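As structure tokens, the structure follows; a few thoughts come after it.
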Amino acid sequence: MTEFKKPPPLEIKCTSVDCANDLHCFKQLKKMSHNQRGKCRACGADLVDWKRLHRRDSKDAAHTFEALQHELIRHHFFHRPVDDKAMRHAQRKGRLLLKDAAKDRLRKYLAPAEPARDGRQTPLEGNTIFYAQHATATCCRTCLEYWHNIPKGRPLSPKELDYCAALVGLFLDTKLPELDDGPIKVPRRPRGLPPEEEVMRQ
């Protein structure tokens, strides 16, 4: 049996665009004029109601999620299938503990005024919390600042942390609608065995 090899890293960055398919990047450049800010840095598309988004109303999450998906990196994580390791982790936690773990992670890696390795502290796979953070722009302080208007250089307030946790929790509910509230026992995948072969053996 051929040993399973991990797929190559994702070829996608926060600044990636596919403007022809309405997938943009709204991360600002220092050289942008006032009139250019808030628009796609590549094509100038003006698609986001920033004033509404910056109210940070978790009850308006449907609109927030729709706006986020105009950006390629966010759209990718909204629609990317959950990898096997991430799904197993979620099942072992269950919905309630997964949300608790998400808030703990936000508190540790996002809430400080100067998080360690800011901009690189959230991996791209292996945990559904990572998917949620990238999708909702709660992955680093730069994304948090330009999407949610929460400035860098100071700790998050309790209200801001709760807002970020609410977005992550809502994403997890959307992405994993059939996840049990409580943990379930999930057998570990044998080393070197691809997920599809493991399923065939069960």
Which of the residues that make up the range 70-80 are touching a residue at least 40 places away in the same chain (Cβ under 8 Å) and either assigned to a helix (DSSP H, G or I) or in contact with a Gly (Cβ under 6 Å, 6 or more places away or on another chain) (or both)? 72, 73, 74, 75, 76, 77, 78
Of the residues 170, 124, 156, 161, which single one is within 16 Å of residue 74 (Cβ to Cβ) and modelled with pLDDT of 95 or more? 170
Tell me, which residue of the range 66-87 that is buried (at least 17 other Cβ atoms within 10 Å of the Cβ) and of a type in the set (D, E, K, R) is farthest from residue 15 (Cα to Cα)? 83
Condition first: surrounded by 13 or more Cβ atoms within 10 Å (Cβ to Cβ), of a type in the set (Ser, Thr, Tyr) and assigned to a loop (DSSP other than H, G, I, E, B). Now tell me which residues in the range 138-193 satisfy that. 138
Got a number for residues in the range 136-161 being touching a residue at least 40 places away in the same chain (Cβ under 8 Å) and of a type outside the set (A, V, I, L, M, F, W, C)? 9
Here is a list: 67, 42. Which entry is of a type in the set (A, V, I, L, M, F, W, C) and assigned to a loop (DSSP other than H, G, I, E, B)? 42
Mind checking which residues of the range 1-26 are touching a helix residue (DSSP H, G or I) at 6+ places or on another chain (Cβ under 9 Å), modelled with pLDDT under 90 and under 30 Å from residue 38 (Cβ atoms)? 10, 12, 13, 14
Identity of the residue in the range 103-117, assigned to a helix (DSSP H, G or I) and free of Cβ contacts under 8 Å to residues at least 40 places away in the same chain, that ends up surrounded by the most Cβ atoms within 10 Å (Cβ to Cβ): 105
Tally, over the range 8-63, of residues that are under 17 Å from the mean Cα position of the chain (by Cα), closer than 21 Å to residue 119 by Cα and among the small types (Gly, Ala, Ser): 1
Which residue pairs have Cβ atoms closer than 8 Å, lie 6 or more positions apart in sequence or on different chains, and pair a first residue in the range 81-102 that is outside any helix (DSSP H, G or I) with a second residue that is polar (S, T, N, Q) and crowded, with 19+ Cβ neighbours inside 10 Å? 82/128
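The values are calculated or read from the model by the stated rules, or taken from the named source; none is laboratory data. All figures in this text were calculated on a predicted structure; none of them were measured in a lab. Backbone-built Cβ (ideal geometry, glycine too); neighbour counts: all protein chains shown.
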